[in-house]
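The values are calculated or read from the model by the stated rules, or taken from the named source; none is laboratory data. Quick caveat: nothing in here was measured; it's all calculated off a predicted structure. FYI the Cβ positions are ideal-geometry reconstructions off the backbone, even for glycines, and counts take in every protein chain you see. Protein only, heavy atoms only, side chains kept; ligands, DNA and RNA dropped before computing areas. Shrake-Rupley method; radii C 1.70, N 1.55, O 1.52, S 1.80 Å.
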Amino acid sequence: MKVHSTKAMAARAVELCVALLYEPASVASITRVLREHGETGELDLGADDVTAMRAAAARLREVLGAATAGEAAALLNRLLAESARAPRLTSHEGSSSWHLHVDSGDDAPWGEWFLTSSAMALAVLLADHQRVPGGLCAAARCGRPFLDVGGGSPRRYCSTRCATRERVAAHRSRTSPTSDT
């Protein structure tokens, strides 16, 4: 039986944001991400759903790019006020553990489900950790969102690849000869 956790929902949200905003998004690619995060059965996902999910991803990216917890909280409060319904418990007819939803129903449109479930997960993580639960990659040519719920200093890069690329570029910049012409 699938067990839902806030961190897993937030990780799914970030991976969907990347797939929707930074990769060629298609019904097949978004279905793949949803399946990787435990969605089962007939998904009935269409091109209009992908478009609605892309719009939701852009709004969620703003939250992850917030400079402060207060800014992220204000954005999340706005998203939840505009989109969320009263919380309800569901087990999807026994196919998963009991968990909260704040969308309009188990058959809510994909864009609504994605926006509300992701905003709720990010809001819980912000409350738990008292900081923005992610960020946008600081690499010059990246900007992809990432989840950051670990302890210690906040992350700056979406991956070790981006961090290494930036360190190498900074090193080359410092050590390259300058021309005096």
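Kindly provide the helix-only [θ] at 222 nm of the chain, computed as the sum of -39,500 (n - 2.57) over DSSP H runs of four or more divided by all residues, to the nearest 500 deg cm²/dmol?
Helix-only estimate at 222 nm: -17500 deg cm²/dmol.
Identify which of Glu23, Glu15, Glu42 has the largest mean-square fluctuation in a Gaussian network model of the chain, with springs joining Cα atoms closer than 10 Å.
The residue with the greatest mean-square fluctuation here is Glu42.
If you plug each phi of region 153-170 into the Karplus form 6.51 cos²θ - 1.76 cosθ + 1.60 with θ = phi - 60°, what whole-Hz ³J(HN,Hα) values come out, in order, with x for Gly and Pro?
Using θ = phi - 60°, the values come out as 5, x, 5, 10, 10, 6, 7, 5, 4, 5, 4, 5, 4, 5, 5, 5, 4, 5 Hz.
Picking from His92, His101, His129, which is most flexible by a Gaussian network model of the chain using Cα springs under 10 Å?
Result for the chain, Cα springs under 10 Å: His92 fluctuates most.
Using Rg and Dmax of the Cα atoms in Å as the read-out, say which of (i) 23.0, 80; (ii) 18.4, 74; (iii) 15.8, 48 was calculated from these coordinates.
(ii)
Working out 0.36 nm times the residue gap between Thr160 and His92, then minus their Cα-Cα distance, what length gain in nm do you get to one decimal?
In short, 20.8 nm is gained.
If R0 is 30 Å, what FRET efficiency do you get for Ser104 and Asp128 from their C-beta distance, rounded to 0.05?
Step by step, r from the Cβ atoms, then E = 0.70.
For Arg85, enumerate residues with amide H under 5 Å from its amide H, sequence gap 5+ or separate chain, H modeled in the peptide plane.
Under 5 Å from the amide H of Arg85 lie the amide H atoms of Asp103, each far enough along the sequence or on another chain.
Accessible area of the chain with a 1.4 Å probe: how many percent of it is carbon plus sulfur?
Heavy-atom surface of the chain belonging to carbon and sulfur, 1.4 Å probe: 53 percent.
Can you list the HN-Hα couplings for region 124-138, worked out from phi with the Karplus curve (6.51, -1.76, 1.60; θ = phi - 60°), rounded to whole Hz and with x for Gly and Pro?
Calculated HN-Hα couplings, in order: 5, 5, 4, 5, 5, 9, 6, 7, 4, x, x, x, 10, 3, 7 Hz.
Lone cysteines in the chain, defined as no other cysteine's Cβ under 4.7 Å from theirs: which are they?
That list is Cys17, Cys162.
5 Å is the cut-off here: which amide hydrogens, built 1.01 Å from N in the peptide plane, fall below it relative to Asp148, excluding neighbours closer than 5 in sequence?
HN-HN under 5 Å from Asp148: Gly134, Gly135.
Which angle between 0 and 90 degrees, to the nearest 10, do you get for helix 6-21 versus the longest principal axis of the chain when only C-alpha atoms count?
Value to nearest ten degrees: 70.
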